[in-house]
Amino acid sequence: MCVKYLGCVLLACFPGLLHAQSATRLCSAPGLNGGYWVPEQDTYNHKAKLTYSCDNGRKPAVEGWWAKSTCEDGTWSPKPQCIDENACLPPSIPNAIYTVSTNGWYENKTRIRITCDKGYQDKQQDATAQCINGNWTSMPVCEKSVLACGAPPQIPHAVIILQGYQDVFAVDTELQYECEDGYSVDGSVTKTSIYCISGNWTKGPVCSKWDTGLAGSADVETGGRQTTSAGSETQPQGGASRAGTEHDRDSAGSGTSPAVEDSRPATGHDRGSAGSGTRPAGGGASTASSGTERDGRSQYTTVDHCGVRPQVAHGEVVREGRSFLRFQCNSFYTQVGDATVKCHNDGRWSQLPICKAAFCVMDPARFSFLTGLQSEATYLKEGEGKYFSCTSYYEYSYVRCIKGEIYWTPCCTSDYHTHGWCR
């Protein structure tokens, strides 16, 4: 009597218990064509299990001659099925995708075609499999592409910006690093990228402690910093060709399109001083902070006090305030240093930003195997990549500008590019 009374109290106080019990549905006996199961019942409770097998000439739609299924809220999972013994179950092909059958199995003589994941390629260029008498023939294998890269390098005082873990990175993958707080590249850039080229990562950034020399100055403004750097760092070993072996990068001109004096590709390391800045008449850019600045006291005044406006090669003033000038680099150039310039009380301008070249030059004479190039030099921005048609029909080359160097693939068909076979 007490037990019954307690049950009534629980149901009255917690009606959700009654709802939870009635929410799950029972399963009816499976409609198994060509098979049998145990235990044999008309209905089964939620989470109940049964075991089934199939008659001669048929087999379960799972591995093994005996299979199990569980009642999940009125539905059997997996669904008990007896299929023809010559049919095939779904194949297991690591690092690949293929068309999935809607009924969970494949009829005899069915042929499937697989596609390898990014960073992998078909071994021996075999991308198909066929079901023959219950077995798959010529099972494809997806192996790591020779052009793919492994784990990216660890860089001191920097973290990698990556969505999820992965072992293999496809060719041309871009990964971005961000320097820790208080560290930067070239005193301004906090984010930079590396690229997977021919199985190797390009050189990563060096994140160094940044000391502006203006500690405590309340008037210093920041702004306009960009994160792309076109340096002359050593390129990785690998199979991708590089435009030119001589270090003869030309001096870059100003304006929205870079100008060069000759059309050789800008791939070397003896460039002109692109964006080095011109010291203005009546006061140059300050290179060291005064003692009073280090003490944290503001030493800035209105820009008129410094007279002639300073000039930044390949850059221009995009905003002018009473107490500051703000510069912006032209197209094809990237900014290094603070974009905001102020006037010191002693008539000197604060440190000017530098506009560094961030482009590659393609000489049509050197790339004569490509069609569609202009008669004059063709420019690619830093990090930009394009497909160019080759002189041979239906073939293409992928060309990309990375840290001032031009990399390209041999001429291949679009299918070879897709599967990473173009080497």
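The values are calculated or read from the model by the stated rules, or taken from the named source; none is laboratory data. Given the structure is predicted, the values throughout are model-derived calculations rather than measurements. Cβ: placed from backbone, ideal geometry, glycine included. Neighbour counts: every protein chain shown.
Some points to look at:
- Strands (runs of 3 or more DSSP E) contained entirely in the stretch 114-187, each with at least 2 residues that are under 30 Å from ILE354 (Cα atoms) and β-branched (Val, Ile, Thr): 158-161
- Residue count for the stretch 31-75 under the criterion of being in contact (Cβ under 8 Å) with a residue 24 or more places away in the chain, over 21 Å from ASN86 (Cα atoms), among the charged types (D, E, K, R) and assigned to a loop (DSSP other than H, G, I, E, B): the result is 2.
- Test: residue in the stretch 143-155 that is of a type outside the set (Val, Ile, Thr) and farther than 20 Å from ILE197 by Cβ: no
- Options GLY57, GLY64: the member that is loosely packed, with under 11 Cβ neighbours inside 10 Å, modelled with pLDDT under 90 and of a type outside the set (Ser, Thr, Tyr): GLY64
- Filtering the stretch 178-194 to residues that are of a type in the set (A, V, I, L, M, F, W, C) and either at pLDDT 85 or above or surrounded by fewer than 20 Cβ atoms within 10 Å (Cβ to Cβ) (or both) leaves CYS179, ILE194.
- Total residues in the stretch 121-141, condition touching a Cys at 6+ places or on another chain (Cβ under 8 Å) and modelled with pLDDT of 90 or more: 4
- Only residues that are of a type in the set (Phe, Trp, Tyr) and either out of contact with any strand residue (DSSP E or B) (no Cβ under 8 Å at 6 or more places or on another chain) or under 30 Å from GLY119 (Cβ atoms) (or both) were counted across the stretch 42-101, and they come to 1.
- Test: residue in the stretch 69-79 that is surrounded by 12 or more Cβ atoms within 10 Å (Cβ to Cβ) and on the phi > 0 side of the Ramachandran plot: yes
- For the stretch 83-111, the candidate set comprises residues that are among the β-branched types (Val, Ile, Thr) and farther than 30 Å from GLY199 by Cα; within that set, the residue that is surrounded by the most Cβ atoms within 10 Å (Cβ to Cβ) is ILE83.
- The residues on offer are ARG309, ARG326, ARG322, ARG366, and the sole one that is touching a residue at least 24 places away in the same chain (Cβ under 8 Å), basic (Lys, Arg), farther than 22 Å from LYS403 by Cα and not in a strand (DSSP E or B) is ARG309.
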